[in-house]
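Read-outs: derived from the displayed coordinates by stated rules, not from any lab. Everything numeric here is computed off the predicted structure, so don't read it as measured data. Here Cβ is always computed from backbone atoms with ideal geometry, including for glycine, and neighbour counts include all displayed protein chains.
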Amino acid sequence: MNDQKALEKLTESISACTICEKHLTLGPRPIISVHAQSKILIIGQAPGAIVHKTGIPWDDKSGENLRSWMGIDNSTFYDPTQIGIVPMGFCYPGKGKSGDLPPRKECAPQWHLPLFDQLQNVRLTLLIGKYAQDYYLKDQAQRNLTETVRNFESYLPDYFVLPHPSPRNNIWKKKNQWFEENVLPSLKEQVLKIL
């Protein structure tokens, strides 16, 4: 239980973080959900406007898609002893010209390492989208997200790479039928095995 207390202390510090406040149009509201027992870790981009309002991670259409991809229900997804949720940027970054701005660059270097040091039971990390993949795979990432996802097996057993589950990516999914045929069955199998 001491592990959980230390983790709670750390997440309280994250929740009070104002490191990039001056860049956030809606102000800071760090979103995170972890437990010392978390088995699967989801590293996404940053909360969207809906999640900023509700304070619930992946509480939008992207989250519905992600739960469907993983083959799990809401109660499993939101049980932090099963699933830990840590974005690249903890706060909603604001609107850009074609969707949300990129996640703030301050968060991951400041918080990820101390956080992951506390998460010793994680057996699989989902790297969702290019920001998470570039940060964690570095030069092991392929020339673009499509090729990285196509080669998902080469990052197992530590990482499972995925595109962002936003409805905006429906066109990408239509162009890349192999994703639903090959990648998602493997993801569901991995998740089931761990949980």
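May I ask you to derive the FRET efficiency for Glu8 and Leu137 from their Cβ-Cβ distance with R0 = 22 Å, giving the value to the nearest 0.05?
Computed FRET efficiency for Glu8 and Leu137 comes out at 0.15.
What distance in nm separates the simple spin-label points at Glu147 and Glu106, each placed 7 Å from Cα in the Cβ direction?
Result for the modelled spin labels: 3.5 nm.
Mind scanning Lys53/Lys188; Lys22/Lys95; Lys39/Lys173 and naming the pairs with a C-alpha gap bigger than 19 Å?
Numbers: Lys53/Lys188 30 Å; Lys22/Lys95 15 Å; Lys39/Lys173 28 Å.
Too far apart for the 19 Å limit: Lys53/Lys188; Lys39/Lys173.
Only four residue types carry charge here, +1 at the Cβ of Lys and Arg and -1 at the Cβ of Asp and Glu. Report the dipole size of the stretch 8-84 about the Cα centre in Debye, rounded to the nearest 20.
In total the dipole reaches around 160 debye.
Based on the Cα atoms of the stretch 69-126, what semi-axes does the equivalent ellipsoid have, where each is the square root of 5 times one gyration tensor eigenvalue, given in whole Å with the largest first?
One finds semi-axes of 24, 18, 8 Å for the stretch 69-126.
From the P(r) of the stretch 1-78, could you give the percentage of C-alpha pairs in the tail past 14 Å?
69 percent
Please list the three semi-axes, largest first and in whole Å, of the ellipsoid equivalent to the stretch 31-134, using sqrt of 5 times the eigenvalues of its alpha carbon gyration tensor.
So the three semi-axes of the stretch 31-134 are 21, 17, 12 Å.
Local charge sum around Pro57 (other residues, Cβ-Cβ under 15 Å, Lys/Arg +1, Asp/Glu -1)?
-1
Taking only DSSP H segments of four or more residues, each worth -39500 (n - 2.57), what value at 222 nm results for the chain once the sum is divided by all its residues, to the nearest 500 deg cm²/dmol?
-9500 deg cm²/dmol
Taking the Cβ of each residue in Arg143, Arg150 as the centre, tally the other Cβ atoms inside 10 Å and list the residues starting with the fewest.
The most exposed by this proxy come first: Arg143, Arg150.
With +1 on the Cβ of every Lys and Arg and -1 on the Cβ of every Asp and Glu, and nothing else charged, how large is the dipole of the stretch 2-194 about its Cα centre, in debye rounded to the nearest 20?
Values: 23 positive and 20 negative charges, 119 e Å.
Charge dipole, the stretch 2-194, about its Cα centre: 580 debye, nearest 20.
For Thr18 and Asn121, what does the FRET efficiency come to when R0 = 22 Å and r is the distance between their Cβ atoms, rounded to the nearest 0.05?
So, using R0 = 22 Å, E works out to roughly 0.15.
Please arrange Phe77, Phe90, Phe160 by counting, for each residue, the other beta carbons lying within 10 Å of its beta carbon, fewest first.
The fewest-first ordering by Cβ neighbours comes to Phe77, Phe160, Phe90.
How big is the stretch 149-195 on each of its three principal axes, counting only the C-alpha atoms and giving the largest first in Å?
Extents along the principal axes, in whole Å: 30, 21, 17.
Can you check what the Kirkwood hydrodynamic radius comes to for the stretch 91-181, Cα pairs only, in Å to one decimal?
The Cα-based Kirkwood calculation yields 14.7 Å.
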